[in-house]
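The structure appears below as structure tokens.
None of the figures in this text is laboratory data; all of them are computed from the coordinates on show. Model, not experiment: these values are computed from the prediction. Positions of Cβ are generated from backbone atoms using ideal geometry, with glycine treated the same way; all protein chains shown enter the neighbour counts.
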Amino acid sequence: MSLVSAPLQRTDTPGPSPVAASVLAMTIGQHLMAVGLTVIGVILGIRQGASIPLVVIAGAAILLWHTGGAILLRRLRRPSVIIWWLIGLGVLWVGAVAVTSEFIWLGFLLWLLLGHLLPLWWGITGSALVLAIVIAAPVLHHGTTSYANVFGPLIGGVFAFGISRGYLQLLRDATEREHLVASLRQARDDTAALQDELLLAQRHAGAIAERTRISRDIHDTVAQSLSSIRLLAHAEAHRTSAPEASRAFLQLESLASDGLVDARRIVDALLPAELDDSALAPALRRMLDRAHEETGLEVELHVDDLLPLLPTQVEVALLRTAQSALANVRRHAHATRVVMSLIDDGELVRLDVIDDGDGFDATEVGEAERSGEVGASSHGLRFMRARLRELGGGLDVESAPGEGTAISAHLPVHLWTAPTRAGEAS
């Protein structure tokens with residue numbers, strides 16, 4: 001625990017802050033009390049026959065020290081500064097009490113400051129010292145005292161000290177509530193942004209899936225029919241001996257060839273650029289080769305020999321996951337080697353990406369994701385996980401500082417076609 005508490009805290013919540021309003025009210029009340037009690041001490045001291053110049057000088061010194069210190073503490077709030085300011089104020093107060101006992105009223109201000117600015121036991125010690133001076137002052141000045149001069153300051157001091165400590169606790173509670181509200185607002189904004197991102201990703205994936213379906217339909221029907229027409233026309237043009245029939249077949253072959261070119265151009269335009277050959281494994285191979293050429297990473301790709309043909313949504317999701325994972329490796333991991341594996345795991349297809357980079361605390365990142373306190377560097381994992389969950393899959397992450405990172409994306413595949421070779425292991 002630090003020597004000095006710090007009750008005055010700023011918050012970042014928009015609009016007027018209840019904590020700031022409470023601090024302002026407390027500050028104004030503190031200055032009004034200092035002025036009021038000092039004026040009372042000066043007036044009563046003069047009435048009691050004390051030296052007017054000394055009384056006025058003592059009161060002015062207390063007000064100047066109090067006001068100047070309050071301004072200084074707003075700019076330089078260090079424990080040592082607060083301690084010396086309180087000591088200086090106490091010394092000036094003791095000097096004023098030596099001039100006239102009527103300045104004992106300022107003890108209430110000191111009790112409030114001690115309870116507000118110091119830890120509990122330091123505040124109690126200082127308050128006890130102030131109480132001793134308040135009780136001793138009438139005896140030193142008048143040679144006598146009364147029960148009122150003892151029990152009145154005792155009760156008032158306990159009350160003032162308790163009020164300041166209670167205010168300090170209420171202020172801390174209010175600050176914590178404001179921080180909680182700010183965290184909830186931030187979590188709400190992050191959730192809204194994530195929902196927007198997921199919606200855009202879902203629309204993008206749906207558009208890619210529909211474009212890919214149309215391109216495959218054109219390839220499997222129109223393009224295949226035009227190719228067959230071209231072959232038949234070419235064969236008949238060379239088989240017939242009639243010049244007019246041969247010319248007609250050649251024209252038909254030319255039209256079919258032009259149509260086939262147009263169909264292939266449409267298919268190429270509709271397919272995602274990364275999956276233009278309708279295979280995930282070659283797209284991953286090209287992506288790794290590009291990373292090797294640009295960064296010098298050692299790359300490996302392993303693909304199960306009999307990996308079935310995957311639905312478009314699955315291919316797109318795994319490709320985007322691989323892109324995000326490789327981007328994280330290039331930006332953050334400082335790795336020298338990356339191994340990517342595409343695995344047939346029964347009713348699941350799994351994509352594993354392993355690097356030998358710096359790694360990170362996966363447990364800490366997971367807890368941050370669950371609490372909503374996700375930094376910019378963790379959004380990639382968050383978006384990958386969200387994309388996979390949309391298709392009923394998930395993402396597992398294993399990492400530790402200095403031990404590299406391994407991520408495993410898995411997706412269930414319900415509509416597999418007959419097995420075909422997806423690619424050769426590299």
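Here are a few things to note about the model shown:
- Our summary gives the range 208-273 a relative contact order of 50 percent, counting only alpha carbon pairs under 8 angstrom and 6 or more residues apart.
- Where a label projected 7 Å from the Cα of D258 along Cα→Cβ would reach, residues of the range 207-239 with amide N under 15 Å: 230
- FRET efficiency, A132 to T191 (Cβ-Cβ, R0 56 Å, nearest 0.05): 0.45
- HN-Hα J in Hz across the range 398-410 - Karplus 6.51, -1.76, 1.60, θ = phi - 60°, x for Gly and Pro: 10, 6, 8, x, x, 10, x, 9, 10, 10, 9, 9, 9
- Computed from the C-beta positions of A386 and S246 and an R0 of 60 Å, the FRET efficiency is 0.45 to the nearest 0.05.
- Net charge dipole size for the range 301-352 [Lys, Arg +1 and Asp, Glu -1 on Cβ; Debye, nearest 20]: 520
- Phi-based couplings in Hz for the range 105-119 (Karplus 6.51, -1.76, 1.60; Gly and Pro marked x): 4, 5, x, 4, 5, 5, 4, 5, 5, 5, x, 7, 9, 10, x
- Residue order, fewest to most beta carbons within 10 Å, for S246, S146: S146, S246
- Put simply, the amide H of H302, placed in the peptide plane, has neighbours under 5 Å in M340, S341, L342, S426, leaving out anything fewer than 5 places away on its chain.
- Ordering of 50-57, 331-338, 281-288 by packing is 281-288, 331-338, 50-57, highest average first (other Cβ atoms within 10 Å, averaged per residue).
- Evaluated with a Cβ-only charge set (Lys, Arg +1; Asp, Glu -1), the range 208-273 carries a dipole of roughly 100 debye about its Cα centre, given to the nearest 20.
- Going from the fewest other Cβ atoms within 10 Å to the most, the residues W65, W84, W111 appear in the order W84, W65, W111.
- Phi angles across the range 345-352 convert, under the Karplus curve 6.51 cos²θ - 1.76 cosθ + 1.60 with θ = phi - 60°, into 3J(HN,Hα) values of 10, x, 8, 10, 10, 10, 10, 10 Hz, Gly and Pro given as x.
- Between R78 and V39, the simple spin-label model (points 7 angstrom out along Cα→Cβ) gives 3.7 nm.
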